[in-house]
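The values are calculated or read from the model by the stated rules, or taken from the named source; none is laboratory data. This one's a predicted model, so the numbers in the text were calculated from it and none came from an experiment. Cβ atoms come from the backbone with ideal geometry, glycine included; neighbour counts cover every protein chain shown.
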């Protein structure tokens, strides 16, 4: 047995965090085995049906052999995705769109080709937890800028980014609309960030997978729509949320900088191909009529409104204004979100139901932050969202680690 | 424009090689556009139809929403894959099988969790070119042991491995049956390697994706069938070749060492999920009757025999004995395989046909080796294999950089 003791693991194996979105899954499974209904607000898995056009393309596939595809993606998909971007005012060619195995791989390739181990990327926090994972996997240091619930997690001004630039800084990562905060960035904010990046030879990696999810006003500007975005910008995209195709694992790495596309394609060659049948399905999904998105936005706007209203009616709960995506980073009157979320799954029941949420700590790179926050993905039908909020309200009154008095809770 | 000049790329972006299997694809595409028939012997893409059971499962899928799956794979697939291994005499449980996005991701996770940048892995060469890619992506140094066509690329004895162990060595990678050599390793060789690994606290990463492709005698032993394989062994597997499902991107990371499985699952969580529908398809494919494999072996044995016979009849060509997989690493009377393979696509035509092969240089980690070798994947029907060999024979007589006299060639 002493061999086992001395067989080494790598540093990245040790620092790779468990996903805060998924680490409590065994407790949810155990609850379900007891017959308890678990409302999943932990993961950005929309309940909207995937487009008929996707299913038709997949089920109508007449291939006999499911072959590898071109490493950069099926040519027709690259063409069609580029045409779709152009329709949205994002001018790119097929050669500027690399098909990836979901947004995850797109981001992972982006970090790999621009950063050496030990290099730094600046990211506003709370941040999408998996950014920490990808950084761990590639040996990169996350330099966070903490944003605050009091002002709805507004993007810090470019001077805050400027203060954190060192000779190891390679990129700024933004998520617009933002996971987990629901914040969106306007054109002026993006322009000022791009100027900072250009002045300091940094890249901007813009995760825009929630582009279709905006609730008030116009679609957020893509960073690739800005003047001067040819060299410094990589856009990370995915069909997962837009088409309710999280399981397809198809995304895009988009840049007009050919010097970046070349190594990105070599990285793509090393893993051979993205899933062929899924690409064929997405070629179909790109014919989805625009009314699909309109219905999506109407539905999610209503869900956001219900969520916001219900949370704000709970004593001691802070729910920020939410402009896009389908998450809320919410502050609760609790001592420790990891304990609370686990307690919800293991011990709490309300009408034999409970709620799974993602502990807030996993969305901060700064240790110790987010302890009284949770991320809620409002991806359920309104009826179920109400039931989930009923559970949360009762749970907050019963939780042993609550930080406001029980009287105050029950008096409301 | 000077911003572009100073926007940095990472070291790994610079060292990631283009795939020798795919880098000539633009020349093949150009030839096809001219109406030329190109026989693809460059890539291990079998022409055998994917199992009906796969297509039935995919097309019969009744999901409305294509959701994320468990990061470690759909539970039913893990169970069924484990049961399938047990049937083959490889005793593993579902918890010891992590579903990955093809063998590529399995290997990439394996290297990531056991090696720090700068660590070393020992690999017999010629080797599967993408090992060099994965090592480049993770900052790992490949330490090759050159094997030789004269003795059919036989696996070097464990003393050759022992000589190359340093304090940075973390693993030995073997591919059994071997891509690109077609060599297989017997139980005794594997036992001696495992002993070496155990004595030196190294891992063995065994790429066994060609397990079903053996032509003479019994199925090669899996390294997980050896006594003492619980701690030191990671098996990399894939359904790509076995089920002619290269485009599905489903593979497995298999180990009995729970200390390895834990970080492997954290890496899997960072990328969320493998493709859901493809996993459902593979659950179906696992019901493929054993006769599918028997037919596969009969067909590939016949192809190997044709290939070997045809190549050996060409002057100046050396074709080794091939025991498994579906590749041959062949020595040709040429000056430079990269020039030759490109010339075949750009300039050579025989009855308006030509052949695409993978230049041998990409399968060696030692610079300068393999210059007069090519890798041939004999994945075509025998009739087409004959036509491809006709092309190659004529091409070798016409190629300006041939290294034997034209008289000798044409006199045969």
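Kindly indicate whether residue A:298 is assigned to a helix (DSSP H, G or I), within 23 Å of the chain's Cα centre (by Cα) and surrounded by fewer than 24 Cβ atoms within 10 Å (Cβ to Cβ).
Yes, satisfied.
For residue A:11, the stated conditions do not hold, so it cannot be described as under 25 Å from residue B:64 (Cα atoms), within 11 Å of another protein chain (Cβ to nearest Cβ), surrounded by fewer than 17 Cβ atoms within 10 Å (Cβ to Cβ) and under 27 Å from the mean Cα position of the chain (by Cα).
Which of the following residues is within 14 Å of chain B (Cβ to nearest Cβ) and modelled with pLDDT under 95: A:288, A:276? Criteria check complete, one pass: A:288. Give the residue that is farthest from the other protein chains (Cβ to nearest Cβ), with candidates limited to residues of the stretch B:83-103 that are touching a helix residue (DSSP H, G or I) at 6+ places or on another chain (Cβ under 6 Å) and closer than 13 Å to residue B:233 by Cβ. Looking at residues that are touching a helix residue (DSSP H, G or I) at 6+ places or on another chain (Cβ under 6 Å) and closer than 13 Å to residue B:233 by Cβ, I get B:90.
Of the residues making up the stretch A:44-56, those that are within 27 Å of the chain's Cα centre (by Cα) and closer than 23 Å to residue B:50 by Cβ are A:50, A:54, A:55. Residue B:242: within 22 Å of the chain's Cα centre (by Cα), in the same structural domain as residue B:68 (by TED's automatic domain parsing) and at positive phi, yes or no? No. The residues on offer are A:155, A:190, A:196, and the sole one that is in contact with a helix residue (DSSP H, G or I) (Cβ under 6 Å, 6 or more places away or on another chain) and surrounded by fewer than 21 Cβ atoms within 10 Å (Cβ to Cβ) is A:196. Evaluating residue B:180 against the criteria (1) part of a loop (DSSP other than H, G, I, E, B); (2) at pLDDT 95 or above; (3) surrounded by fewer than 18 Cβ atoms within 10 Å (Cβ to Cβ) leaves one unmet condition, (3). Among all positions in the stretch B:223-240, there is at least one residue which is over 19 Å from residue B:92 (Cβ atoms) and modelled with pLDDT of 95 or more. Taking first residues from the stretch A:122-134 that are closer than 16 Å to residue B:263 by Cβ and assigned by TED's automatic domain parsing to the domain that holds residue A:194 and partners that are surrounded by 24 or more Cβ atoms within 10 Å (Cβ to Cβ) and modelled with pLDDT of 95 or more, the Cβ contacts under 6 Å between residues at least 6 apart in sequence or on separate chains come to A:134/A:107; A:134/A:108; A:134/A:111. As a summary of the residue check, residue A:64 satisfies the conditions (1) modelled with pLDDT under 95; (2) under 30 Å from residue B:40 (Cβ atoms) except for the one numbered (1).
I'd like to verify a number: residues in the stretch A:2-17 that are part of a loop (DSSP other than H, G, I, E, B) and either touching a strand residue (DSSP E or B) at 6+ places or on another chain (Cβ under 6 Å) or at pLDDT 90 or above (or both), how many?
4
Pairing each residue of the stretch B:63-76 that is more than 7 Å from every other protein chain (Cβ to nearest Cβ) and on the phi < 0 side of the Ramachandran plot with any residue that is at pLDDT below 95 and in a loop (DSSP other than H, G, I, E, B), provided the two are 6+ apart or on different chains, yields no C-beta distance under 6 Å.
Based on this model, can you work out whether residue B:206 counts as crowded, with 24+ Cβ neighbours inside 10 Å and either at pLDDT below 95 or more than 20 Å from residue B:95 (Cα to Cα) (or both)? Criteria not met by residue B:206. The set of residues in the stretch A:189-213 that are more than 22 Å from residue A:130 (Cβ to Cβ) and outside any helix (DSSP H, G or I) comprises A:200, A:201. In the set A:114, A:132, only one residue is surrounded by 18 or more Cβ atoms within 10 Å (Cβ to Cβ), within 9 Å of another protein chain (Cβ to nearest Cβ) and farther than 17 Å from residue A:370 by Cβ; that residue is A:114. Within the stretch A:241-264, being at the interface with another protein chain (Cβ under 9 Å from one of its Cβ atoms) and either crowded, with 24+ Cβ neighbours inside 10 Å or in contact with a strand residue (DSSP E or B) (Cβ under 6 Å, 6 or more places away or on another chain) (or both) holds for A:243, A:244, A:245, A:246, A:247, A:248, A:249, A:250, A:260, A:264. Do we have residue B:376 as under 20 Å from residue B:154 (Cα atoms) and in a strand (DSSP E or B) here? Considered against the rule, which asks whether it is under 20 Å from residue B:154 (Cα atoms) and in a strand (DSSP E or B), residue B:376 comes out as yes. When the residues of the stretch A:214-239 are filtered to those that are in contact with a helix residue (DSSP H, G or I) (Cβ under 7 Å, 6 or more places away or on another chain), assigned to a loop (DSSP other than H, G, I, E, B) and under 22 Å from residue A:48 (Cβ atoms), the one that is farthest from the other protein chains (Cβ to nearest Cβ) is A:215.
Scanning the stretch A:26-55 for residues that are in a helix (DSSP H, G or I), within 21 Å of residue A:245 (Cα to Cα) and within 11 Å of chain B (Cβ to nearest Cβ) turns up A:52, A:54, A:55.
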